[in-house]
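Chemist: Quick one: the structure is below, and I'll ask about it shortly.
Bear in mind these aren't lab numbers, they're just calculated from the coordinates by the rules spelled out. On a predicted model such as this, the values are computed, not experimentally measured, just so you know. Cβ placement follows ideal geometry from the backbone for every residue including glycine, while neighbour counts extend to all protein chains displayed.
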Amino acid sequence: MLRLLVPLPLLFAGAALSAQTVDSPGAASAQALSEIRARNAIVNEPLPPDQAAMKAHVMFLASDAMRGREAGSAEYDIAAQYVAAQFYAAGLKPAGDDGSYLQHVPLIGYKPKGEGAFSLEMDGATIPLTYGADYLPSGNAAKDVTQASGRLVFVGQGIVAPQYRQDDYAGVDVRGKIVALVRGAPDRFDGEERAHYGSTATKLIEAAKHGAVGAVMLMAPGSSLERMKEYVSHESVTWADADGNGHVAAPQTPMLGTIGGNAATRLMLAGKVDPQAMHDSIAKGTFRAIAFPATLNARVETERRRIESANVSGLIEGGDPKLKDQIVVLSAHLDHVGVGKADAAGDTIYNGAMDNAVGVASLIEEAKRFRSAGKAPRRSILFLAVTAEEKGLVGSDYFAHHPTVPKQNLVADVNLDMPIITFPFEDVIAFGAARSSLGPIVKQAAADAGVSFSPDPMPEMGLFVRSDHYRFVQQGIPSVFLWPGEKGPGKAATEEFFANHYHKPSDQIDRNGVDWKQGVRFVDVNYQIAREIADADQRPAWNKGDFFGTLYNGYGAR
């Protein structure tokens with residue numbers, strides 16, 4: 001049973017007492033009074049009702065009592081109950097499990113257990129590799145014990161991209177073998193496509209297509225793994241399948257670990273590879289796969305644990321009998337990164353006000369805007385607050401694979417992630433808008449709301465694949481990710497936030513200068529965009545021949 005089913009008053013009481021250990025009722029009262037005074041100090045300025053409503057959501061969601069809303073924590077559960085209550089107050093129909101607003105999301109936390117065992121067979125001899133010097137293991141969410149053995153084939157970045165005339169598997173047969181990979185993708189690729197091809201998941205899927213039984217990341221000869229050792233013990237998170245095992249990109253081709261140090265040197269020498277020439281060939285796109293005269297034997301144990309969390313989902317039904325079965329999703333992630341390393345002021349709570357309490361507040365206020373509009377949208381609209389975005393877009397991936405509404409009815413996603421509202425924005429950005437018919441809709445809606453529309457100002461960062469909307473893209477659904485733009489003061493404000501507040505304890509409403517008027521303007525623009533999509537005569541479609549639309553068999557792409 002989910003902790004989310006605990007009565008709300010008990011959850012609030014538990015959170016209040018868990019934030020800090022107290023020695024007596026008197027100490028608890030003094031602590032509570034101090035917190036109330038602190039809160040009053042940041043809310044005493046008068047605000048118009050719409051701005052006050054938005055601020056109130058963020059005050060609660062980004063409060064110290066929520067302790068950073070880490071997925072799987074009791075505080076995240078309270079935040080989810082809060083959003084569910086707000087959806088109810090806004091008149092949304094429950095769209096979670098069993099007539100509720102909550103969709104149970106079974107998560108799996110996993111990391112390597114122990115050191116594992118790696119060895120190379122070369123020249124008729126077995127050479128044990130040394131943990132931390134020659135190799136580091138990777139956990140496998142799908143199994144407690146992973147074993148693989150096979151000849152090693154170095155396939156560079158492991159990319160097959162016909163449109164760029166790159167096939168790193170050309171000329172080699174890796175069936176039954178283990179592929180060695182290096183990270184990244186060529187700079188000559190489109191920024192969003194480069195991010196796609198550079199992801200480890202994409203590389204593993206490609207290796208599986210070619211029949212490999214495992215993969216390792218290969219470091220430069222003699223490279224030290226010392227700095228990477230601390231990350232081995234960090235827990236990764238995915239969602240659990242029906243059998244209780246973690247969902248992974250390519251279960252038949254697991255990532256076994258990383259090889260470096262003397263082991264990498266041995267392999268390069270045995271394969272008669274010039275490391276610099278190899279590096280240059282990868283950069284130039286002239287790389288050719290190399291079959292090392294070596295067999296890798298790997299055994300890895302994985303420590304796994306179940307984590308329970310939930311997405312929050314509410315629906316406004318469309319008013320057009322012919323279109324109401326089509327559903328436009330408006331999404332925002334509810335979780336943040338929890339409690340961590342102290343900053344200079346000794347603060348350890350990563351409140352996540354901008355990231356992404358403001359996005360969730362926008363979602364709630366937009367739902368209220370639709371309900372008060374007096375006329376239902378033609379298509380239905382699903383308001384979705386997801387868990388575990390900070391763990392790798394996990395909650396949205398679970399929903400995209402297991403939607404609480406018929407998957408074929410989902411026609412678009414508009415995602416709200418970390419809107420920076422510390423400045424009077426003059427434009428909006430919709431990452432990925434140029435890839436589908438959503439682009440012109442967003443552009444016109446922005447103009448109607450009194451702001452201009454700007455293209456992605458940083459395509460090299462591949463932001464289109466780095467937030468929750470991308471999990472809908474991977475199901476073939478046209479999607480965009482909205483942000484206040486960089487015109488006027490926007491660029492400086494965005495850079496300041498990333499430099500001083502992003503994933504830091506200072507991301508809270510009393511320390512990074514939130515302008516609530518801009519929050520309401522952002523809701524206005526979002527509403528206009530969502531309304532246009534919901535009321536359009538035609539369903540959203542991918543541009544014909546678009547890379548992502550074609551890759552994921554999206555409507556209109558072929």
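Chemist: Using the Cα centre of segment 242-384 as the reference point, and only Cβ charges (+1 on K/R, -1 on D/E), how large is the resulting charge dipole? Debye, rounded to the nearest 20.
Modeler: For this selection, approximately 480 debye.
Chemist: Given Cα pairs under 8 Å that are at least 6 residues apart, what percent is the relative contact order of the chain?
Modeler: 18 percent
Chemist: Hey, another quick one. Calculate one ³J(HN,Hα) per residue across segment 527-544 by plugging θ = phi - 60° into the Karplus curve 6.51 cos²θ - 1.76 cosθ + 1.60, and present them in order as whole Hz with x for glycine and proline.
Modeler: 3J(HN,Hα) across segment 527-544, in whole Hz: 4, 4, 5, 4, 5, 4, 5, 5, 9, 4, 5, 9, 5, x, 9, 5, 5, 4.
Chemist: Could you tell me the center-to-center distance, by alpha carbons, between segment 468-527 and segment 338-386 in angstrom?
Modeler: Taking the Cα centre of segment 338-386 as reference, the centre of segment 468-527 is 11 Å away.
Chemist: In the P(r) worked out for segment 415-510, what percent of Cα pairs fall beyond 17 Å?
Modeler: 53 percent
Chemist: While we're on this one: Provide the convex hull volume over Cα atoms per residue for the chain, in Å³.
Modeler: It comes to 161 Å³ per residue, whole-number rounded.
Chemist: While we're looking at this one, here's another question. Arranged by the count of other C-beta atoms within 10 angstrom, fewest first, what order do Arg379, Arg305, Arg165, Arg299 take?
Modeler: Working: Arg379 27, Arg305 12, Arg165 7, Arg299 16.
Exposure proxy ranking, most exposed first: Arg165, Arg305, Arg299, Arg379.
Chemist: With θ taken as phi - 60° and the coefficients 6.51, -1.76 and 1.60, list the Karplus ³J(HN,Hα) couplings across segment 415-421 in order, rounded to whole Hz; mark glycine and proline as x.
Modeler: 10, 10, 10, 6, x, 8, 10
Chemist: Provide the percentage of antiparallel DSSP beta bridges, counting only those with both residues in the chain; round to the nearest 5.
Modeler: Once the DSSP bridges in the chain are tallied, antiparallel ones form about 60 percent.
Chemist: List every residue whose amide H lies under 5 Å from the amide H of Glu303, counting only residues 5 or more places away in sequence or on a different chain, with H placed 1.01 Å from N in the peptide plane.
Modeler: So Glu303 has HN proximity to Lys111, Lys113.
Chemist: Only helical DSSP H runs with n ≥ 4 go in: add -39500 (n - 2.57) per run for the chain, normalise by residue count and round the 222 nm mean residue ellipticity to 500 deg cm²/dmol.
Modeler: So the calculated ellipticity at 222 nm is -9500 deg cm²/dmol.
Chemist: What number, in percent, do you get for the relative contact order of segment 110-305 if the mean sequence gap of Cα pairs under 8 Å and at least 6 apart is divided by its residue count? All intermediate terms of the calculation are to be shown ahead of the outcome.
Modeler: On the way: 446 pairs, mean separation 78.3, N = 196.
Relative contact order, segment 110-305: 40 percent.
Chemist: I've got another one for you. I'd like to compare 460-466, 143-149: which one has the highest average count of other Cβ atoms within 10 Å, and what's the full order after that?
Modeler: Values: 460-466: 19.7, 143-149: 16.4.
Top to bottom by mean Cβ count within 10 Å: 460-466, 143-149.
Chemist: Now, a different point. Only four residue types carry charge here, +1 at the Cβ of Lys and Arg and -1 at the Cβ of Asp and Glu. Report the dipole size of segment 110-305 about the Cα centre in Debye, rounded to the nearest 20.
Modeler: Values: 21 positive and 22 negative charges, 40 e Å.
Magnitude of the dipole: close to 200 debye.
Chemist: Under the classification rounded if a/c is under 1.5, otherwise prolate if a/b is larger than b/c and oblate if not, where does segment 110-305 fall, given a ≥ b ≥ c as square roots of the Cα gyration tensor eigenvalues?
Modeler: oblate
Chemist: Measuring from centroid to centroid over Cα atoms, what is the spacing of segment 427-445 and segment 228-298 in Å?
Modeler: Rounded to whole Å, the Cα centres lie 38 Å apart.
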